[in-house]
Amino acid sequence: MIGLLNLSCLGLGYVLLRNWVGAALCWVATAALLVMALPADVDGVPLGLLAGYGVFLVAVAADGARRGLRATLRVGASFRRLALPLALVLLAVPAGGSLAYGAARDEAKEQALLERLSAADALVESADDGLTFDKAEPTYLKALATYQELGTRHAGSRAGKLVPARLDTYYETVSRPYAKKAYCEAVAPLKHLRGLAGTVDKELLGTRPAKTDEPLAEALFKCGTDALGVEAADPPASESLNVLYDTFPKSAQATRVEPAVRAAIKTRTTALTGGATPCETTEELRELRSSLDNMTDPAIEDAAKEAAGAVQRGDFSCGTSQFRSKEFDDAIKTMTQYAKDYPSSPDAAHARSIAIAAEIADEEPAAGKKLPPADVPGGSRMVMVVSNDGPGEVELLYTGPMTGKVTLKSCGTCTKYPSPIFAGSKKIKACTGPSSKYPKATLLLPAGDYHFLQKRVSTGTATAGDTKSSKAKIEPGYSYTNCLYVTSGF
């Protein structure tokens, strides 16, 4: 009986024996255990401490039993009848305490798991706070690792049972750019969500990854088609659309790419006719063609050819617009490049004419009042013989009813004439020597008003006479001569 009373952890056997030292020792040991064990936490009481306390209880029980057998207890008969049942009842104290402690420890574990769940929720929320996905992804993955552990290793816990709902929130949060129709921004997050099937427990994820296929295909389509014709688009249209073709080749979005491309080409081609900004539209077409050239699907080949034809038309429209807007330097570059890029085009000759007229108009704006005609007028033509009475090769440009240019070789024996400022009343008498002395070219010109521009290719020191513009009226039935010379300022 004394041994059983000592097993109660309270040293009651010693109390009955009035062994206050033994009782105090039991109280101290039990108090020390309670201090170490309470409050209950996830890790519980160290195993060594429990083992030591168990050995201590067995020792005091054995000691109590030994002492009880030798002692003479002065207690009444009624106490003797109750002592044994009381000792057995008191044995329930440590057992009940152990059960209560186990329940408290389990609750501590549940609370710790719930705290981890809350911490993961906070990570998801912080990652969604305006960060780009590449910077937010490590935080998302950290939260996801916690969800996976709670949902698999602790699936039966309160926190584990909340994981499916948290995964729904995770998918909703990460795919938020798609919900906001920020399609290019949504591509990377949706790829991340779709790819989780290969890294996270499949049973835990369920059908969630598969549900991202449609949004991802739509995001790739929208991102790609919205970038068609956009200069320096990031990412370029070809990148998004190639991923769409590679990842979802049979999707409804993949079949919509070609019609969308053709619509983009048609919209811009229509804008070239009478549009206010043909040069900007042409650059959009050029970007669009570049994107199509970088696409891998054969279905786009015909559309790419259509875009190339639209760019050609756009280049010509741009050049004519620049000419009409008096942007002659730009018109020269555009039309000269057009003639080089499309030498077999029916408009190549007209482009060269516009470039020549723009070069003349750059010196003499009156020459740029209207575009040179695309076709040379019929009827009779008058002869104009042009002679070079000056050092250096000379290029003569002309525009009017007909536009063109000729190059005359240098006159080896010719020199510069004095400037009229220094010549006084003495008139310049150019081309008065033997006719065979001067390099010549013969022009056959329809009647009308012409602007001329002579440009010396190389005359040594530049002078006021190196580039010179002039006008002439060509009338039916006459022949003309034109003498090109150089004057000197000193």
- Task: For residue 428, enumerate residues with amide H under 5 Å from its amide H, sequence gap 5+ or separate chain, H modeled in the peptide plane.
- Result: none
- Hz values of 3J(HN,Hα) by residue in the range 233-242 - Karplus curve (6.51, -1.76, 1.60), Gly and Pro given as x: 5, 10, x, x, 4, 4, 5, 5, 6, 5
- Message: Which residues among the range 105-132 fall inside the zone where the amide N is under 16 Å from a point 7 Å beyond the Cα of residue 142, along Cα→Cβ?
- Response: 116-132
- Query: Too long at a 21 Å Cα-Cα cut-off: which of 180/211; 437/473; 142/191; 369/468?
  - Reply: 437/473
- Which whole-Hz ³J(HN,Hα) couplings does the range 186-201 yield from phi under the Karplus relation 6.51 cos²θ - 1.76 cosθ + 1.60, θ = phi - 60°, glycine and proline marked x? 7, 4, 4, x, 5, 4, 4, 5, 5, x, 5, 4, x, 10, 10, 3
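In whole percent, how big is the carbon plus sulfur part of the accessible area of the range 309-404, probe 1.4 Å, protein atoms only?
48 percent
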- Item | Karplus-derived 3J(HN,Hα), 6.51/-1.76/1.60, for each residue of the range 146-155, Hz, glycine and proline x | 5, 4, 5, 5, 5, x, 10, 6, 10, 4
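Among the listed pairs 340/440; 266/333; 266/305; 305/370, which are separated by more than 21 Å between their Cα atoms? Present the calculation step by step, with values, prior to reporting the outcome.
Working: 340/440 28 Å; 266/333 26 Å; 266/305 13 Å; 305/370 33 Å.
Exceeds cut-off: 340/440; 266/333; 305/370.
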- Where Lys and Arg each count +1 and Asp and Glu each count -1, what net charge lies around residue 168 among other residues with Cβ under 11 Å from its Cβ? +2
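Nearest 0.05, what FRET efficiency do residue 395 and residue 435 give at R0 = 22 Å with Cβ-Cβ as r?
That gives a FRET efficiency of 0.55.
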- Item | Separation of the residue 181 and residue 342 label points, Cα + 7 Å toward Cβ, nm | 3.6 nm
- Query: Between residue 112 and residue 302, what is the FRET efficiency for a Förster distance of 41 Å, r being their Cβ-Cβ separation, to the nearest 0.05?
  - Reply: 0.05
- Note on the structure: At R0 = 35 Å the Cβ-Cβ FRET efficiency linking residue 363 and residue 442, nearest 0.05, sits at 0.90
- Query: How far, in nm, would the chain grow between residue 165 and residue 122 when pulled straight, counting 0.36 nm per residue and subtracting the alpha carbon separation?
  - Reply: 14.0 nm
- Note on the structure: Residues whose modelled amide H sits under 5 Å from the amide H of residue 483, counting only those 5 or more places away in sequence or on another chain, are 387
- Item | Size of electric dipole in the range 118-205: Cβ of Lys, Arg +1 and of Asp, Glu -1, about Cα centre, debye, nearest 20 | 180 debye
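The values are calculated or read from the model by the stated rules, or taken from the named source; none is laboratory data. If you're wondering where the values come from, they're calculated on a predicted model, not measured in any experiment. Here the Cβ is made from the backbone with ideal geometry for all residues, glycine too, and neighbour counts use every protein chain on show. All accessible areas refer to the heavy atoms of the entire protein, side chains included, with ligands and DNA or RNA removed. Shrake-Rupley method; radii C 1.70, N 1.55, O 1.52, S 1.80 Å.
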